[in-house]
Amino acid sequence: MHLSATSRSRRVLLAAAVAAAMATTPLTAAGSAAAAAPVNDRQQQYAAAAAEYGVPESVLLGVSYLQSRWDTNAGTPSTSGGYGPMHLTDAEHVAALAGGTHHDEGTEDPRGDESRPSLAEAGEPPAATPPAEAALRTVDAAAGLTGASEESLRTDVTANIRGGAALLAAYQKEIGAPVGAGTDPAAWYGAVARYSGADSADAAAAFANEVYATIATGDSRVTDDGQRVTLAGRAVQPNRSWLDRLNLRKLARPDGLECPDDISCEWIPAPYENYGPTLGDYGNHDLGNRPTQQKIEYIVIHDTEGYFGPSVNLVKDPKRVGWHYTLRSVDGHIAQHIKTKNVGWHAGNWYVNAKSIGLEHEGFAGHGTWYTEAMYRTSAKLVRHLARQYNIPLDRNHIIGHDNVPGTVAANVRGMHWDPGPYWNWSHYFDLLKAPFKSTGTHRTGLVTIDPDFATNQPPFTGCNRQPPGVPNPPPATAPCPLRGSSALFLHNAPSHDAPLVNDIALRPDGTPNTTYVSDHGARVSAGQTYALAEVQGDWTAIWYLGQKGWFHNPAAKPTAKWTVGFVVTPKAGKATIPVYGRAYPEQAAYPEGVPYQAISPLQYTLSAGQRYAVGNLLAGEYYRATTFDGSAPHDQTVVRGDNRYVQVQFGHRIMYVNLDDVNLVPSPLGAPR
């Protein structure tokens, strides 16, 4: 995203831990030295740990599911420093996250409005020093309870599950609740709530409620390391009175808080203040009247590149930038900062900002870390709530990542941010949104939706352990990232794994291929994105991408995409090429007197005759004029609309826009490859 300046000295001190953290040995199924005997079957590991520490197996499985979905994540830490199926946290060990971030390559102005001075300096990430909360240090406690080493609790599955069981039992004893594998799961509500690490009763209860909902429905899945785990569903009415024994603070939930009732949410306002001598010196968002004045088209998914607490502190600075919501990793708790009717400064593109709601998720895009199930679930509940309220379609044309937002003009394309990164699980997220990606056609229907199996799709990214300047002997940029699940696929310039990747001319003007570097999204597609089909050769599929064919491996026996149908654009007859834009602004004649014209400026790319691009939306040319604190400038805090109409297309990894007058909009099967 775009937050505040990180202390260089602090980053250098902490960065030495990167190599160790990123070289974490993947969790194994072998038993730890502290265990009675090694157990290699994952289901048995849960059963054995539950019996050893007197925890109902359903409770242990439910808690683990809400943290990791029982996955090991190749031994890599979560975005809050949690390891293994039980998400035992060791944020100090993962202090390496204070190294390079997704902002290092970017010079993005988060406001993205060329009519005002750049806020790029206010867009640097927050200090990534892990806070001292006990919720981020549970490995220490588990080591004391089990006798296992901290290293084994991080890297060994059996030790990790035993550590989680031991913590639950300890929490149960602390509040005076009954312990024993045969005890009623309903009596474990307080311990489950405590396991969340939440600092408020509301957040702890929301986490516990999700655990008990999982126990009620049950689940069975194969984990990312190939282990079948099953939680048989059973109805349990938890005894919520045990929550009172935790003596947690209760959040005030003011009227007008824009969150669904069944998630934990609080109001921590971003300031709208005039801090300087002119009426243009204000922050950190703009007042609006959406959707009455302007339709909200997008919900933008970000990550914070910092921990929850420091990130929330930064949104309280009027000289910085503002977004609507921040979500916490350990328990999914949400803080709202800006009313959705108002315009946040978060996506680096003023057109998108004016028509979007920004959600920041505690996390780091480029370190091979993973996002917790608790945060995915509350995020999905919030997005569904907002989508219903504002009639926003639940698809990847409207629920987009920051990495899908285009630069406004050619000079800005290269500096745009790329969070939440390739490790965000878009397929699972849309399952939680109850809008799963589906096949609605065949290879003859002309469109293809990217959808690899997240667990087994493990692209060989590099550069996750990059360091800030000044670190002695930093690992090379070509050092491999941990192999783990990803939503992303690489695009080649020919149907072969040995073929070079395609070129994004804006990112690499010399025409050389883009790379596997984790931040280099110029030859990359992601789950849920839909593209126009260009060609099929055996197990390989080509799509139209940034003015060229991009090939990805899509074997029928293990497809990485789904055939679908819809509409595409092609240049009108007689047009060899047409321009592509990063914003959908009105024509000059539409601007009232006193409002400077915002140029309709094309990007580096062109759409050539014979190419086709998937349609995502039809949009009116609009510009939201907001430049002064009190709205005193001519036509301030109003929308300028013109006659121009635009088509949103999936042109590359990012969405872009073409003028409707330049294209034919046709059903995708017309002229589809055969």
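The values are calculated or read from the model by the stated rules, or taken from the named source; none is laboratory data. Since the model is a prediction, treat every value here as computed from it, not as a measurement. Heads up, the Cβs are rebuilt from the backbone with ideal geometry, glycines too, and the neighbour counts pull from every protein chain shown. For accessibility, only protein heavy atoms count, side chains too; no ligands or nucleic acids. Shrake-Rupley method; radii C 1.70, N 1.55, O 1.52, S 1.80 Å.
May I ask you to give the solvent-accessible area per residue for the chain, in square angstrom, as obtained with a 1.4 angstrom probe? Before the final figure, lay out the partial values.
Details: 22820 Å² over 674 residues.
Per-residue value: 34 Å².
State the Cα centre-to-centre distance between region 249-270 and region 45-61 in whole Å.
A separation of 34 Å, based on Cα centres.
Restricting the count to DSSP beta bridges whose residues both fall in the chain, what percent are antiparallel, rounded to a multiple of 5? Please list the in-between numbers first.
Working: 64 of 83 bridges.
If I count the DSSP bridges inside the chain, around 75 percent turn out antiparallel.
For the pairs 316/339; 295/434; 319/381; 295/562, flag any whose C-alpha to C-alpha distance is greater than 19 Å. Kindly include the intermediate steps, with their values, before the conclusion.
Working: 316/339 14 Å; 295/434 23 Å; 319/381 31 Å; 295/562 30 Å.
Listed pairs above 19 Å: 295/434; 319/381; 295/562.
Within the chain, what whole-number % of the accessible surface is contributed by carbon and sulfur, with the 1.4 Å probe and all protein chains included in the calculation? Each step should come with its number before you reach the end.
Numbers: 11950 of 22820 Å².
Here carbon and sulfur together make up 52 percent of the probe-accessible area.
Set Lys and Arg Cβ to +1 and Asp and Glu Cβ to -1, take the dipole of the chain about its Cα centre, and tell me which of 671, 198, 300 lies farthest positive.
671
Nearest 500 deg cm²/dmol is fine: what mean residue ellipticity at 222 nm does the chain get from its DSSP H runs of n ≥ 4 alone, each adding -39,500 (n - 2.57), divided by its residue count?
On the way: 13 runs with 132 residues, N = 674.
After summing the helix terms and dividing by residue count, I get -6000 deg cm²/dmol.
Report Rg (one decimal) and Dmax (nearest whole number) for the chain, counting Cα atoms only, units Å.
25.0, 81
Would you mind pulling out the separation of the Cα centroids of region 344-375 and region 438-456, in Å?
Going from one Cα centre to the other spans 25 Å.
What does the charge count around residue 69 come to, taking other residues whose C-beta lies under 15 Å from its C-beta (Lys +1, Arg +1, Asp -1, Glu -1)?
Values: positive: 42, 221, 228, 377, 484; negative: 71, 210, 219, 224, 225, 373, 431, 453.
Charge balance in the 15 Å sphere: -3.
Quick one: compute the contact order of the chain, relative version, from alpha carbon pairs under 8 angstrom and 6+ residues apart, as a percent. Could the numbers behind the result be given before it?
Numbers: 1743 pairs, mean separation 87.9, N = 674.
For the chain, the relative contact order is 13 percent.
Could the peptides 567-573, 547-553, 497-503 be put in order, highest first, of the mean number of other beta-carbon atoms found within 10 Å of their residues?
Numbers: 567-573: 18.9, 547-553: 21.1, 497-503: 15.4.
My ranking of the peptides, most packed first, is 547-553, 567-573, 497-503.
With a 10 Å radius around each residue's Cβ, average the other Cβ atoms per peptide and rank 442-450, 554-562, 535-543, highest first. The partial results should precede the final answer.
On the way: 442-450: 21.7, 554-562: 15.6, 535-543: 18.2.
Order by mean packing, descending: 442-450, 535-543, 554-562.
For residue 601 and residue 389 in one chain, what is 0.36 nm times their gap in residues minus the Cα-Cα distance, to one decimal in nm? Display every interim value, and only then the final one.
Numbers: separation 212, 0.36 × 212 = 76.32 nm, distance 3.33 nm.
Gain on extension, residue 601 to residue 389, equals 73.0 nm.
Would you mind calculating the gained length between residue 576 and residue 115 on full extension (0.36 nm times residue separation, minus the Cα-Cα distance), in nm to one decimal? Numbers along the way, then the final one.
Numbers: separation 461, 0.36 × 461 = 165.96 nm, distance 3.25 nm.
Gain in length upon complete extension: 162.7 nm.
Would you give the gap between the C-alpha center of region 209-230 and the C-alpha center of region 141-187, rounded to a whole Å?
Measuring centre to centre over Cα atoms gives 19 Å.
Using the per-residue mean of other Cβ atoms lying within 10 Å as a proxy for protection, in what order, highest first, do the peptides 58-67, 220-229, 624-633, 589-598 fall?
Working: 58-67: 26.5, 220-229: 15.9, 624-633: 18.3, 589-598: 13.5.
Sorting 58-67, 220-229, 624-633, 589-598 by mean packing, highest first, produces 58-67, 624-633, 220-229, 589-598.
Magnitude of the Cβ-charge dipole of the chain, K/R +1 and D/E -1, about the Cα centre, nearest 20 debye?
Numbers: 54 positive and 64 negative charges, 236 e Å.
Using only the charged Cβ atoms, the result is roughly 1140 debye.
Percent relative contact order of region 354-485, based on C-alpha pairs within less than 8 angstrom and at least six residues apart? It would help to have the intermediate numbers written out before the result.
Values: 122 pairs, mean separation 31.0, N = 132.
Dividing the mean separation by the residue count of region 354-485 yields 23 percent.
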